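Worksheet for the structure shown next.
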Amino acid sequence: MTEIDEFVFAIDLTFRNEWRNVDLLSTSVQNCFLAVFADVDGCHTIAMVTGELLENALKYGDWVAGDRGMFRLRVGSSEGDVEVSVQSPVKQNDSSATSLLEQVTWIESFGDPAQAYRARMLAIANDEQDVAPSRLGLVRIAFEGNCRLSAKVEHDAVTVTARFVPDRV
Amino acid sequence: MEKLIHGDLSIEVTVAAGVFRCAWHGRSSERAPAETLRPWFAKLLEAVLAGAGSIEMHFEQIERFNSSTITALIKLIQTCRKNNVLLVMVYDQTLKWQRLSFDALRVFEKNDGLFHLRPV
């Protein structure tokens, strides 16, 4: 995947908030990238990142009062980087949105995402009561996908973006 | 021990010389896989303990799994250790995603020898 600048790759769509769409969309993204780049490992990584972001949005989005039209997936390449972002509706002052922003900050506070992943796994193992959500998906994106994560909340929507350089996938 | 079939995931069990070989196939992408896996793991552990056996989980053929499945596997490692049951996880090291996912679990390998990762 070294010739990404020679290709135009962009996916931008809104879709229904149904769990089965996670698999449908991540598989579609994987197949699209495979058609362009023919890199099986890299395409699997992009599918994993897409799937984890979509799962996260479905689990923590406001699907009762929120605007379902705000469920949006964007995948594209820019200046040699590939970005996957998922937008989902969120309640104002919602604790899950705050928690998500804190999670992203926590992950980015580690110099090496492998350390963050290890710390999260150990926390899960030590949580015998299973009271807290595992929140393993985002840190998996950072570690396995070698992605930089960012998140923002605006206009009753939260957007989480994973950005990685294809050569490093 | 009955085979597990749920959604796109199946786990087939064969027993030989006290080793319960569990072969994962398909995809584990349910919203809450632990709801299915945990009770199945509990039955598996019960059968293993009854025969003083061990467990080999084979992931070479699985297409993908989500982070919730990894969480369930971490819980299984802990449960097996508490019950002094040997658990081995076998994965395909030629697949980058499997190598990354399973190598990370080495943090749970300890001197007690109750948990091993075996790349093939």
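Hey, can you grab everything whose amide H is under 5 Å from the amide H of B:Arg118? Only 5+ residues off in sequence or another chain; H modelled, so Pro and N-termini drop out.
Under 5 Å from the amide H of B:Arg118 lie the amide H atoms of B:Met89, B:Val90, B:Tyr91, each far enough along the sequence or on another chain.
Give me the one-decimal nm value for the distance between modelled label points at A:Thr105 and B:Asn84, 7 Å along each residue's Cα-to-Cβ direction.
It is 4.7 nm.
Report the one residue of A:Thr45, A:Ser77, A:Val29 whose Cα lies farthest in the direction of the positive end of the charge dipole of region A:1-133 (charges on C-beta: Lys and Arg +1, Asp and Glu -1; origin at the Cα centre).
Positive-most Cα among the choices belongs to A:Val29.
Amide H of A:Asn17: which non-local residues (sequence gap of 5 or more, or other chain) have their own amide H closer than 5 Å, using H built in the peptide plane?
The list, which skips near neighbours in sequence, is empty: none.
Give the Kirkwood hydrodynamic radius (Å, one decimal) of chain A, defined as one over the mean of 1/r across all pairs of different Cα atoms.
16.4 Å
Ignore the peptide's own chain and count Cβ atoms of other chains within 10 Å of each Cβ in B:59-71; give me the average, rounded.
5
Would you mind checking which residues have amide H under 5 Å from B:Val19's amide H? H placed 1.01 Å from N; only 5 or more apart, or other chain.
Under 5 Å from the amide H of B:Val19: B:Ser54.
Working only with C-alpha atoms, what are the Rg and Dmax values of the protein assembly as shown, expressed in angstrom?
19.4, 61
Calculate the dipole size of the protein assembly as shown relative to its Cα centre from +1 charges on Lys and Arg beta carbons and -1 charges on Asp and Glu beta carbons; express the result in debye to the nearest 20.
That gives the protein assembly as shown a dipole magnitude of about 800 debye.
What average number of partner chain Cβ atoms lie no more than 10 Å from the Cβ of the residues making up B:103-114?
2
Run the reach check for B:Lys3 against lysines, Cα to Cα strictly under 26 Å, same-chain hits fewer than 8 apart removed. What comes back?
List returned: B:Lys43, B:Lys75, B:Lys82.
Residue by residue through region A:41-54, which ³J(HN,Hα) values in whole Hz follow from phi under the Karplus form 6.51 cos²θ - 1.76 cosθ + 1.60 (θ = phi - 60°), with glycine and proline marked x?
Coupling constants for region A:41-54: 4, x, 5, 5, 5, 4, 5, 4, 4, 4, x, 5, 5, 5 Hz.
What is the distance in Å between the Cα centres of region B:1-68 and region A:17-55?
Using only Cα atoms to place each centre, the spacing works out to 25 Å.
Can you give the translational diffusion coefficient of region B:38-120 in µm²/s, computed by Stokes-Einstein from the Kirkwood radius over Cα pairs at 37 °C and 0.692 mPa s?
Here the translational diffusion coefficient equals 249 µm²/s.
Given an 8 Å cut-off on Cα distances and at least 6 residues of separation, report the relative contact order of chain B as a percent.
22 percent
Quick one: compute the contact order of chain A, relative version, from alpha carbon pairs under 8 angstrom and 6+ residues apart, as a percent.
Worked out over chain A, it gives 27 percent.
Read the figures in this text as sums done on the coordinates, not as results from a lab. As the structure is a computational prediction, the values presented were derived from the model and not from experiment. No Cβ is skipped: glycine too gets one built from the backbone with ideal geometry, and neighbour counts run over all protein chains shown.
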